[in-house]
1. Over the chain, what is the relative contact order in percent, taking alpha-carbon pairs closer than 8 angstrom and at least six residues apart?
2. What is the gain in length, in nm to one decimal, between ARG292 and ARG329 on full extension, counting 0.36 nm per residue of separation less the C-alpha to C-alpha distance?
3. Taking only the alpha carbons of region 252-316, what extent do you get along each of the three principal axes, in Å, biggest first?
4. Quick one, which of (i) 74, 48, 46; (ii) 66, 52, 38; (iii) 56, 51, 37 is the actual Cα extents along the principal axes in Å calculated for this model?
5. Calculate the translational D of region 214-262 in whole µm² s⁻¹ from Stokes-Einstein, where the hydrodynamic radius comes from the Kirkwood formula applied to all Cα pairs, the temperature is 4 °C and the viscosity 1.567 mPa s.
6. For region 190-219 and region 65-113, what is the separation of their C-alpha centers, rounded to whole Å?
7. With r defined as the distance between the Cβ atoms of LYS275 and ASP143 and R0 fixed at 41 Å, what FRET efficiency is calculated, to the nearest 0.05?
8. With a 10 Å radius around each residue's Cβ, average the other Cβ atoms per peptide and rank 294-307, 153-166, highest first.
Amino acid sequence: MIDWVRSWGASPQAAHDGLGSLDGHPPLADVTLRQVVRIGGGGRRVRVRFTNEFGTAPFALGAARVGLAAPGGGVRPGSERVLTFSGAPDVTVPAGAPILSDPVDLPLPALAKLSISLYLPGRVETCTCHDPALETGWTIPGDAVAALALPENAEILPVRALISAVELLPDVPATGIVVVGDSRTDGAGSTPDTNHSWPELLAERGGAAAYVSNQGISGNRLLNDGIGASALARFDRDVLATPGLGHVVLSVGGNDIAISYAPRDDDGPLADFLKMFPGAPVTTDDVIAGYRQLIARAHERGVRVYATTIAPYGGAEIHTPEGESARQRVNAWIRTSGAFDAVLDFDAVWRDPAHPGRIRDDFHCGDHLHGSDAGYRALADSVDLSLFG
């Protein structure tokens, strides 16, 4: 039996729990959103998951279409499909809930780029989004879902807004890979509009069989909320509820350590930054206990769990010697505990041999914390694809 599998995802966030990209943006009302996503593995039928999971009020979705993306925000003629909801062309999305479109026939090769357009006739009071987008999207006044070319009055949309997943019915049975992580998973530091996060590059390597869902949130932590809900809090929604789930990669915990051991000075350069991360500092034992919780919850569903070691961040403003010692302790446990079904040693890939507490200069984007395109490519290339067979 061939079942649905998720081939693209973006973890939902409240707009005020992101990086602030929507601050000052005009309200979403009587406007079309056009957004581009690149899937991993392909299929013959598609459905889109829209989200109001952090919304405080219902919103009206007046019309929606999906098609193969053309350059410059266009849609390839003949590929466009009208999306319906229980057969209706419009729907009200309840506050706190997602909603799935009806499936439509649309043959899609692996790594296809989709254009998703949705019209919002009324005002969206609170936008559930993913911040930042790293792929350009647009707002267009009025109902423009049927426009094949991007209208001249389109403006940039700085977040992923109101969409959280694309799911496909593949030609042969397939299983999905979900990566849970922070900004290094999200792709921070990579070139926008190039799909150079390491999970997307992993999908490129895997080809037709790699149904990868990137559930990274920039600034995310394992144990405490702050920028996005914690990995422990969002694991059921973002991971265990994924159609076709077969493998989970945990690449989270670095922010828990870095923020817990960061310099604490109410008047220092990090004071405003640290205010985004509530909760008491955590210990390495706390982080390890968090990993054990996620392992148990995944294994209960029969899902294999892999972990990446925490890559260096020496030279970054938030770095301290105490944080480095904690990172090394957690990495030693990840490598030697046997708690995971496999370990992806990203620390070994990125560290500078002459300065093991730092990322190689050609692998970070200039901040000693986030990857460059080459750095993310090195991570993806280091993954043993047989783990997902």
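Nothing in this text is a laboratory measurement; each read-out follows from the coordinates by a stated rule. Bear in mind that the values here come from a model prediction, so they are computed numbers and not experimental data. Cβ coordinates were reconstructed from backbone atoms using ideal geometry, including for glycine residues, and neighbour counts include every protein chain displayed.
1. Numbers: 992 pairs, mean separation 72.1, N = 389.
Normalised by residue count, the contact order of the chain is 19 percent.
2. Details: separation 37, 0.36 × 37 = 13.32 nm, distance 1.55 nm.
Full extension from ARG292 to ARG329 adds 11.8 nm.
3. Principal-axis extents of the Cα atoms in region 252-316, largest first: 48, 24, 18 Å.
4. Only one option fits the structure, namely (iii).
5. Working: Rh = 11.4 Å.
Rounded to a whole number, D works out at 113 µm²/s.
6. What the calculation gives is 21 Å, centre to centre.
7. Details: r = 41 Å, r/R0 = 0.99.
Taking R0 as 41 Å, the efficiency between LYS275 and ASP143 is 0.50.
8. Numbers: 294-307: 17.0, 153-166: 21.5.
Averaged packing, sorted descending, gives the order 153-166, 294-307.
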